[in-house]
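The values are calculated or read from the model by the stated rules, or taken from the named source; none is laboratory data. Treat the numbers as computed from the prediction; the structure is a model and nothing was measured. Cβ placement follows ideal geometry from the backbone for every residue including glycine, while neighbour counts extend to all protein chains displayed.
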Amino acid sequence: MFAFDLSNRFAGATLLFRSLSLDGALQALAKTDLHYVDLWASPGMLEHVDPARDAAADVKAKLADANLRPSSISAYATFGNELVARLEFAAAIGAPTVIATAPVREYERREASDDVRALGRAAQDLGVTLALANQVGTWLDEPEEIASFLDDVGHPRVQLSLTPPHARLASTTLRAVINAAEDRVGHACLWSVGTSMLGPDDLGPGDEQAPGNGTVDFGALTGLLEERNYFGMYTFVWDGTADWPEDRALSTIAAARAHVLAVAA
């Protein structure tokens, strides 16, 4: 039994329309049955929005024109002032969550937790939440480190963004990651794991990463989260769509949404 209607907690990432402009991505998402959008602001990867370039009022107007609400900003590969700027931008457009990368393992552990705690305080002041992805090579990769690092940070505005492919890359399970995070999961990616995945830089064909394909049991994933009273968003997001025409992305999103609703019933 879900705490809220699951279909009202779905978002679509602009990453799924990587080849389009922000306007194009929003207009494409407006054709889906998704009402929320995850806006990508990740330097070197995809910046559909950029706090240094875009005015929050303009982005809010574009969202309103597309009848979409912002659920999150994806700000991977940012830290320090760059990440704070994205926290501020999220607050300005009404996005409650910023998804980012945890400090890499080369970052001294105590300094890393201190700096993330400071980011948590900045997020709290702005009324948003910082959700750090479980990614290989960071202090949030294996379950033991996920639990320990979140304990060390100890800030309620710093939570985990559950990312299924990286759980597999870390040779662990989604259950183990969720158990490690306990009640600190702040975001969940609906992102499958294909049999062709070779590593973090080669996740395989985009089709294999869509829910309903690949190897992730999304009925089990949503069930595990709901058992722990997870009230957050579920974002349809996967890589490998850069050369997809719009109609292919739209049909894949529709099939993925139908699959998740069917297995989560």
Fill in the blank from the handout: For TRP40, the lone unmet condition from (1) in a loop (DSSP other than H, G, I, E, B); (2) aromatic (Phe, Trp, Tyr); (3) closer than 28 Å to HIS259 by Cα is (1)
Practice task
Tell me, please, whether a residue that is in contact (Cβ under 8 Å) with a residue 60 or more places away in the chain and buried (at least 16 other Cβ atoms within 10 Å of the Cβ) can be found in the stretch 199-214.
Solution key: no
Exercise for the section: Can you confirm whether the stretch 229-243 contains a residue that is out of contact with any strand residue (DSSP E or B) (no Cβ under 7 Å at 6 or more places or on another chain), under 30 Å from LEU26 (Cα atoms) and of a type in the set (S, T, N, Q)? Expected result: yes
Exercise for the section: Sort through ALA102, ALA95 and tell me the only one that's modelled with pLDDT of 95 or more and farther than 13 Å from VAL158 by Cα. Expected result: ALA95
Problem - Spans of helices (runs of 4 or more DSSP H) in the stretch 168-256 with at least 1 residues within 16 Å of GLY12 (Cβ to Cβ) - result: 206-209, 218-227
Exercise for the section: Might you check whether a residue that is under 30 Å from ASP33 (Cβ atoms), out of contact with any Pro (no Cβ under 7 Å at 6 or more places or on another chain) and of a type in the set (Lys, Arg) occurs anywhere in the stretch 64-87? Expected result: yes
Problem - Looking only at the stretch 19-37, and only at residues there that are within 23 Å of ALA258 (Cβ to Cβ) and of a type in the set (D, E, K, R), the one that is nearest to the chain's Cα centre (by Cα) - result: ASP33
Problem - Leading residue by the ranking (nearest to THR252 (Cα to Cα)) among those in the stretch 172-208 that are at pLDDT 95 or above and polar (S, T, N, Q) - result: SER192
Exercise for the section: Being in contact with a strand residue (DSSP E or B) (Cβ under 7 Å, 6 or more places away or on another chain), in contact (Cβ under 8 Å) with a residue 60 or more places away in the chain and over 17 Å from ILE73 (Cα atoms) is the filter here, so list the residues in the stretch 111-168 that pass it. Expected result: GLN135, GLY137
Problem - LYS31 vs. criteria part of a loop (DSSP other than H, G, I, E, B), on the phi < 0 side of the Ramachandran plot and either surrounded by fewer than 20 Cβ atoms within 10 Å (Cβ to Cβ) or of a type outside the set (Val, Ile, Thr) (or both) - result: yes
Practice task
With the condition kept exactly as written, say whether any residue in the stretch 67-88 is modelled with pLDDT of 95 or more, in a loop (DSSP other than H, G, I, E, B), small (Gly, Ala, Ser) and surrounded by 20 or more Cβ atoms within 10 Å (Cβ to Cβ).
Solution key: no
Completion exercise
By residue number, the members of the stretch 100-132 that are in contact with a Phe, Trp or Tyr (Cβ under 7 Å, 6 or more places away or on another chain) and either assigned to a helix (DSSP H, G or I) or crowded, with 19+ Cβ neighbours inside 10 Å (or both) are ALA100, THR101, ALA102, PRO103, ARG109, ALA112, SER113
Practice task
Filter the stretch 225-265 for residues that are surrounded by 18 or more Cβ atoms within 10 Å (Cβ to Cβ) and polar (S, T, N, Q) and give the result.
Solution key: THR235, THR241, THR252
Handout entry: ALA92 part of a helix (DSSP H, G or I) and of a type in the set (Gly, Ala, Ser)
Key = yes
